[in-house]
Amino acid sequence: MTQGLELDQLVVHLDGKPVLRGVSLAAAAGERVVLAGPSGSGKSTLLRAVAGLVPVQAGSIHIDGRRIDSLPSAQRDVAMMFQSYALFPHLSVLDNLTFGLRARGKSKTVADERASAVAATLGLSSLLARRPAGLSGGERQRVALGRALLRQPKALLLDEPLSSLDAQLRSKARAEIVRAHAGSNSAMLLVTHDQAEAMALADRLGILKDGVLQQLAAPRAVYARPANRFVAQFLGSPAMNLFEVRRALDGALWWRNARLADSAEAPVHAGSSATLGLRPEQLSLPGSRWAPASQNVAQLQARIVDVEAGGDHQIVWLEAEGERLAARTEPEWRAVTGEKLPVTLHLDQACWFAPDGEGVLL
Amino acid sequence: MISHWRLWGWSLPGLALLAALVVLPALLTLPLALLHFDGVSAPRFAGADNIVRLWGDPLFWQSLSNSLKVLFISVPLRLMLALGLALLLHRNGPGVGLGRAATLAPGVTPDIAWALIWLFLLNPLYGPVALLLPLIGIAPDAWLTQPGVARGLLSFMTLWLIGELTVVLIAARQELGHEVYEAARIEGASSWHIFTRVTLPLLMPVLVLLACRDAALSFQTSLTPALIITKGGPQYGTLLLPMYAYQNGFEYLRFGYAAAIQLALFVITVLLIGLQLRWLKRWSMQGR
């Protein structure tokens, strides 16, 4: 028997249209699995299917080995935190927290005791008598999280839990979610469109597109070794630079009219082509300290068209062969718009995709 | 943004009409109550005569008690019915449009029209409803002889006037949003638990407001059937306050006395609404 949540070939149609097309994934008890994807990719629908709010057309959902996909929501032993929090506006924080236990017939004493324990871990103890309207956004978010955690469900579903918070509160709230979930036995499935949130919260990160799971792996691995061009471009800001390169018969690597290298190591045979993916930090500019040490490099002539300042870095936008490329440098690196300069491409950690964009070479 | 003045400008024709037909006559009631006036001879100043007489008039107290009895039966029943219908009809589905239209239809039918239909339905000799009354142990002509039965029927008839209540409640229910309900379901609440712990408390402010409005309206809506069907009888059992005022004014030409009854009606309505608004205020203070 597997502990945790398990989806197998899940298919969900909404209004006759397929929204999930055979998604399989597992989240072990205590594990945090984050699903990211553009809007319309089906990530919220996936949570709603697990919660029993939308019917499943095919496939199965198991929790701790028990099949739940045809059970009513109440019997699935899941809890869900909604994007809007969905707090009961007429109930106090305490009554919001204990709603589930009371609805399940637990005595008020037992429910209140459990609620005060959860409230203490989330810093809500002084707010128990208030109503949601009297709380700040961050406090409401914590109440919603507390309500979801209180019943110690087998699966904890969080739908864009931080999207209504401002940027400053978000990183604090991220830490709170991790802390509150730590030591719990719930399998957490969290959905977000925010990459930073996805990277920070995930034990494993899944990328969803058009109802198909593209990749599910540790966040570092998804970032460094994306499974296909979509994942490569979805994760990372700015997106990964892509080059359609081909190897000439003499062994040289070409991108459009630019000869990148005379003989670089690359999984491309002479006479064939592939897509080279390089993160902005894998493009280095002359004099920049922000360059990985690598043996396998290529060169490219480019012109600076724009500079975007970040606090601890800057993004230098380049133009080469009619294409915009992004390179990352330290903030002190002096960029002059319009300047032409050689760009070093570090191929050691490069991603290589098949020319059709699906699948990885190497 | 439309300027304040232009809004007033647009509202002016309506306001003028309202002032001429409603506000002015209503204000005139106060001085009229202090006069003896039969509409023919010159009015004579009466002072508090009309009020004093009203206080000692057994028919006034009878009609007030009748009006309140009808109100206390029909308003809660109407609200409950409207709430039930609203909960049935707030979702889109097959037949819902028809249901909504059917709910609204009696309310937009002229009072006189449906009162006449009821008069036919209740006819002890051939009216279909009257013929069904024996099934629940009531004689088909009981409403012509027993005041209680007549009042009950009068209240029963106005149960059809729930279109507006239902529309407002449908809108209020749709405002609540589905996520709160989904959360409640996932948390394990039964339908009854959701109704009593989520729906009812969330709709309570609207329900109280509707109760206020319906109570005030109940004094008026029950007038027409009382006038057409039971004519205040039997034994003054359906003599309602506005009807008593109507009889005094337009049948006995005692306009001063009729105005005094109207004033009493006004005071009672204000008291009722004030009471309910206080309740509403206390409720919304809790909600904060």
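The values are calculated or read from the model by the stated rules, or taken from the named source; none is laboratory data. Predicted model, so just to flag it, every value in this text is computed and none were measured. Reconstructed Cβ throughout: ideal geometry from the backbone, glycine too, with neighbour counts over all protein chains shown. Accessible surface is based on the protein model in full, side chains and every heavy atom, while ligands, DNA and RNA are left aside. Shrake-Rupley method; radii C 1.70, N 1.55, O 1.52, S 1.80 Å.
Observations on the model:
- Selected residue (only one of A:Gly52, A:Gly59, A:Gly123, A:Gly65 is of a type outside the set (S, T, N, Q) and at pLDDT below 90): A:Gly123
Results for (1) within 14 Å of chain A (Cβ to nearest Cβ); (2) under 20 Å from B:Ala86 (Cα atoms); (3) in contact (Cβ under 8 Å) with a residue 60 or more places away in the chain; (4) charged (D, E, K, R), shown as yes or no for each residue.
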position: B:Ser191; (1), (2), (3), (4): yes, yes, no, no
position: B:Thr199; (1), (2), (3), (4): yes, yes, yes, no
position: B:Leu203; (1), (2), (3), (4): yes, yes, yes, no
position: B:Phe219; (1), (2), (3), (4): no, no, yes, no
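- When residues in region A:46-73 are screened for being assigned to a helix (DSSP H, G or I) and acidic (Asp, Glu), 0 of them pass.
- Going through (1) touching a strand residue (DSSP E or B) at 6+ places or on another chain (Cβ under 6 Å); (2) part of a helix (DSSP H, G or I) one by one, A:Gly138 falls short only on (1).
- Region A:55-85, subset farther than 26 Å from A:Ala217 by Cα, open to solvent by less than 20 Å² (accessible area, probe 1.4 Å) and more than 23 Å from the chain's Cα centre (by Cα), residue farthest from the other protein chains (Cβ to nearest Cβ): A:Arg76
- Selection status of A:Val245, within 19 Å of A:Leu300 (Cα to Cα), of a type in the set (Val, Ile, Thr), modelled with pLDDT of 90 or more and buried (at least 21 other Cβ atoms within 10 Å of the Cβ): yes
- Selection of helices (runs of 4 or more DSSP H) fully inside region A:177-250 by the criterion of at least 1 residues being among the β-branched types (Val, Ile, Thr) returns A:219-224, A:229-234.
- Taking region B:154-186 as the range and being open to solvent by less than 40 Å² (accessible area, probe 1.4 Å) and at pLDDT 90 or above as the test, the residues that pass are B:Leu165, B:Thr166, B:Leu169, B:Ile170, B:Ala172, B:Arg173, B:Val180, B:Tyr181, B:Glu182, B:Ala183, B:Ala184, B:Ile186.
- Boolean, B:Ala150 is surrounded by fewer than 19 Cβ atoms within 10 Å (Cβ to Cβ), part of a helix (DSSP H, G or I) and away from every other protein chain (no Cβ under 14 Å): no
- Residues (closer than 13 Å to B:Ala259 by Cα, in a loop (DSSP other than H, G, I, E, B) and aliphatic (A, V, I, L, M)) located in region B:27-47: B:Ala33, B:Leu34, B:Ala46
- Every residue from region A:180-211 that is more than 12 Å from A:Leu158 (Cβ to Cβ) and of a type outside the set (A, V, I, L, M): A:Gly183, A:Ser184, A:Asn185, A:His193, A:Asp194, A:Gln195, A:Asp203, A:Arg204, A:Gly206, A:Lys209, A:Asp210, A:Gly211
- Total residues in region B:251-262 satisfying the condition of being under 18 Å from B:Phe45 (Cβ atoms), outside any loop (DSSP other than H, G, I, E, B) and open to solvent by 40 Å² or more (accessible area, probe 1.4 Å): the figure is 1.
- Residue list for region A:1-35, restricted to those being touching an Asp or Glu at 6+ places or on another chain (Cβ under 6 Å) and either part of a strand (DSSP E or B) or farther than 19 Å from A:Ala180 by Cα (or both): A:Gln3, A:Ser24, A:Ala26, A:Arg32
- Among the residues of region A:74-97, those that are over 14 Å from A:Pro132 (Cα atoms) and not in a loop (DSSP other than H, G, I, E, B) comprise A:Ala74, A:Gln75, A:Val78, A:Ala79, A:Met80, A:Met81.
- Against the test of being within 14 Å of chain B (Cβ to nearest Cβ) and surrounded by 17 or more Cβ atoms within 10 Å (Cβ to Cβ), the options A:Ala187, A:Ala180, A:Ala155, A:Ala202 yield a single qualifying residue, A:Ala155.
- Residues considered: B:Leu207, B:Leu227, B:Leu223. Of these, the only one that is closer than 26 Å to B:Gly97 by Cβ and more than 9 Å from chain A (Cβ to nearest Cβ) is B:Leu207.
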